[in-house]
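This is the structure, below, for whatever I ask next.
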Amino acid sequence: MSNSTYTRSYKKGEVIFKEGDVGDCAYLVDNGRVEIQVDNLDGSTPVAFLGVGDIFGEMSIIDGADRSATAVALEDCELVEVSKEQLNERIEDADPVVRFLLSILLNRIRENLKDSKDPTRTNLPAEAISTNVINLGDFKTNVDVVEKIKLEKSLKNALDSNEFRVHYQPIVDLKTNSVSGFEALMRWNNPDRGMVRPDIFMGIAEETSLIVPIGHWIIKKTFRDFAKLKQNLKAANIIDQKLFLSINIAAKQFNDPHLFEVLNQTAKYYGLKPKEIKLEITERVLLAGSFVFDWITKARKKGYSVALDDFGTGYSSLSYLANLEVNNIKIDKSFVDKMSRDKKSLSIVKSIIHMSKDLGLSVIAEGVERREEWEALRGLGCTFVQGYYYSKPLPMAEIYDMLTGVEKKKAA
Ligand code: C2E
Ligand code: CA
Ligand code: CA
C-alpha cells in the first residue's frame, strides 16, 4: 500500500481490511476493483465485486460495529478514504426518521451477511430485527421515531377534526401593572393521547410543512378571538385598553408565499390594525439567512410589530441587532430562572435590558414565576413580563373574565 494526498494505493491481492477489524474509515474506489468476502466454514465466499465509484466499509463507521466482511484488492487499486467524521457529521444532521431507517437497513444487511456465512441460519423475523436495531447518533430509542411517525399521522387529521385550541398568556406592563397584550399558544387535544406539548407537535408540523396550513388556521382563529375580545370589552365599557396580540411564526413560515396575504386579509376582515399584531420569531431563525432580515423589514413596512423570541439562546453575535428592525426582545426564561441565584445570569439580563433601551427596543421577560423575579425586573427597567406569576396561558373566555374583573387569576 502507498499513499498520495487523496488516495491510497493497494497492490493486487492486498487485504484492505479484515472481518473483525475495527472500522475507522470507508473507501471510495477511484481506480481498480475490490472483492468483498465473508469467512465461512468453507474458507471465504465473495459477496460483492466493486469498481470505480463504489463505496465500501461504510457500515462500520456508521454503526460503530466491527468489520463484518473482508475487503481484498482484485487488481492494483486507488482508494479514497472517507473518514468517520466526514460521514458522521452528515448523518447527525439528517432527519431522525432517516437515521432510524438507515439503522434498520444496516441491521438487515449485517443479518444477511451472517446468513451467507451459515447456510443453516434462517432469516430473522422483522420484529427481531427491529428490537435489535443499532442506535445511530443521539436518538435514544426507536420508540421516539415510531412515536414521531404516528404523531405526524394524527397531526394531519387534527386540523380537520378540530382538535386544536389556542390559549392566551397575558403580557403585563411593569409600570402600570396592567395587561398590555397576550401571546397565543397552541394546544392540541389529541383524543388518544390527551394534551400534546406544543413544542413537540409544532416541531413535527415544521418538519413536515404542515406548519403552513396550521399557521393559517392560527392567524384566523386568534384574530377572530382577539376581535371578539375587543368587542366584548367595548360592550362592557372597558374601552381604554390598548391591547396587542402576539403570535409565533415558525422558521418554515418564512417560505410561505401567502403568509402576509393571510395576515392582511384576516386583519381586515376582523377590523384589526397590523400594529395590534406582534409576530414572534425566534432568535435562532436569524441563522437561516439574510432573507429573514428582509422578511422582518417587510413585516414592519406592513405595520406589524416584531419580537425576537428566546433571546440569548440562539445567536452568538450581537452586532446584527443594529440592523434588525424588531420592536421587542423577549428574554428567555432560562435567564429569568437563574437571575436571582446566579450573578452572571443577572448581568446578562441587565445588559440585555440596557442594550435594548439604547437601541429603542422594549423588553419582554418570559417565564416569570416568582415575585422576586418580577420586582427585580421592574428595578432593572424591563418593560413587560409574562409568566405563571401573573397568569398561565388561558382560554379566551377566562382572559375576558380576568380583564373584566369577574375572576382574578394570579397564579402563585
Ligand atoms: P415560546 O414561544 O417560548 O412560548 C413560551 C412558553 O413558555 C409557553 O409554553 C408558555 O406556556 C411557557 N411559559 C410561560 N410562562 C411560563 C412560566 O412562568 N413558567 C414556565 N415553566 N413556563 C412558562 P408552551 O405553551 O408549552 O409553548 C412551548 C413552545 O411551543 C413555544 O415557546 C413555541 O415555541 C411553541 N409554540 C406554541 N404555540 C405556537 C404557535 O402557535 N406557533 C408556533 N410556531 N409555535 C408555537
Ligand atoms: Ca413565543
Ligand atoms: Ca420564548
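The values are calculated or read from the model by the stated rules, or taken from the named source; none is laboratory data. On a predicted model such as this, the values are computed, not experimentally measured, just so you know. As a convention, Cβ positions derive from the backbone with ideal geometry for all residues, glycine included, and neighbour counts pool all protein chains shown. Heavy atoms of the whole protein, side chains included, go into the accessibility calculation; ligands, DNA and RNA do not. Shrake-Rupley method; radii C 1.70, N 1.55, O 1.52, S 1.80 Å.
Within segment 36-71, can you find the residues that are over 26 Å from GLN86 (Cα atoms), open to solvent by 20 Å² or more (accessible area, probe 1.4 Å) and of a type in the set (Val, Ile, Thr)?
THR45, VAL47
Considering only residues that are open to solvent by 70 Å² or more (accessible area, probe 1.4 Å) and not in a strand (DSSP E or B), which ones fall in segment 159-176?
ASP160, ASN162, LYS175, THR176
Next up: Assess whether ASP309 counts as being away from ligand 3 (no atom under 16 Å from the Cβ) and acidic (Asp, Glu).
no
Considering only segment 358-366, I want to know if a residue exists there that is modelled with pLDDT of 95 or more and assigned to a helix (DSSP H, G or I).
no
Return the pair list, or none, for Cβ contacts closer than 6 Å from residues in segment 216-229 that are acidic (Asp, Glu) to residues that are in a helix (DSSP H, G or I), at least 6 apart or on different chains.
Matching pairs, first to second residue: ASP225/MET396.
One residue is enough: does segment 9-17 have a residue meeting the conditions of a type in the set (D, E, K, R), assigned to a strand (DSSP E or B) and assigned by TED's automatic domain parsing to the domain that holds ARG110?
no
Would you confirm, using the coordinates I've provided, whether ASP337 is within 12 Å of ligand 1 (Cβ to nearest atom), free of Cβ contacts under 8 Å to residues at least 40 places away in the same chain and under 22 Å from the mean Cα position of the chain (by Cα)?
no
Let me ask another. Specify the residue that is farthest from ILE364 (Cα to Cα); the eligible residues are those in segment 285-330 that are in a helix (DSSP H, G or I), within 16 Å of ligand 1 (Cβ to nearest atom) and touching a helix residue (DSSP H, G or I) at 6+ places or on another chain (Cβ under 7 Å).
If we take residues in segment 285-330 being in a helix (DSSP H, G or I), within 16 Å of ligand 1 (Cβ to nearest atom) and touching a helix residue (DSSP H, G or I) at 6+ places or on another chain (Cβ under 7 Å), then ALA288 is farthest from ILE364 (Cα to Cα).
Can you tell me how many residues within segment 177-188 are closer than 12 Å to ALA158 by Cα and open to solvent by 20 Å² or more (accessible area, probe 1.4 Å)?
Qualifying residue count for the region: 1.
Let me ask something else about it. Being at pLDDT 75 or above and open to solvent by 60 Å² or more (accessible area, probe 1.4 Å), is that true of even one residue in segment 106-125?
The answer is yes, given that some residue of segment 106-125 is at pLDDT 75 or above and open to solvent by 60 Å² or more (accessible area, probe 1.4 Å).
Moving to a separate point now. Residue check, ILE348 against (1) farther than 18 Å from LEU174 by Cα; (2) of a type outside the set (Ser, Thr, Tyr); (3) within 16 Å of ligand 2 (Cβ to nearest atom), all met but one. Which one?
It fails just one condition, (3).
Taking segment 164-192, which residues are more than 14 Å from ligand 1 (Cβ to nearest atom), closer than 28 Å to ASP95 by Cβ and either in contact with a helix residue (DSSP H, G or I) (Cβ under 8 Å, 6 or more places away or on another chain) or outside the structural domain of GLU398 (by TED's automatic domain parsing) (or both)?
ASN190, ASP192
So, in segment 255-295, how many residues would count as being modelled with pLDDT of 95 or more and within 16 Å of ligand 2 (Cβ to nearest atom)?
Here the count works out to 5.
So, one more: Condition first: closer than 24 Å to ARG108 by Cα and open to solvent by less than 20 Å² (accessible area, probe 1.4 Å). Now tell me which residues in segment 72-90 satisfy that.
Selection gives nothing.
If you don't mind, another one. Does VAL385 fit the bill of being in contact with an Asp or Glu (Cβ under 9 Å, 6 or more places away or on another chain) and hydrophobic (A, V, I, L, M, F, W, C)?
yes
Please give the number of the condition ALA235 fails out of (1) closer than 20 Å to PRO393 by Cβ; (2) more than 16 Å from ligand 2 (Cβ to nearest atom).
(1)
Restricting attention to segment 37-78, report how many residues are under 19 Å from ARG8 (Cβ atoms) and assigned to a strand (DSSP E or B).
So the answer is 9.
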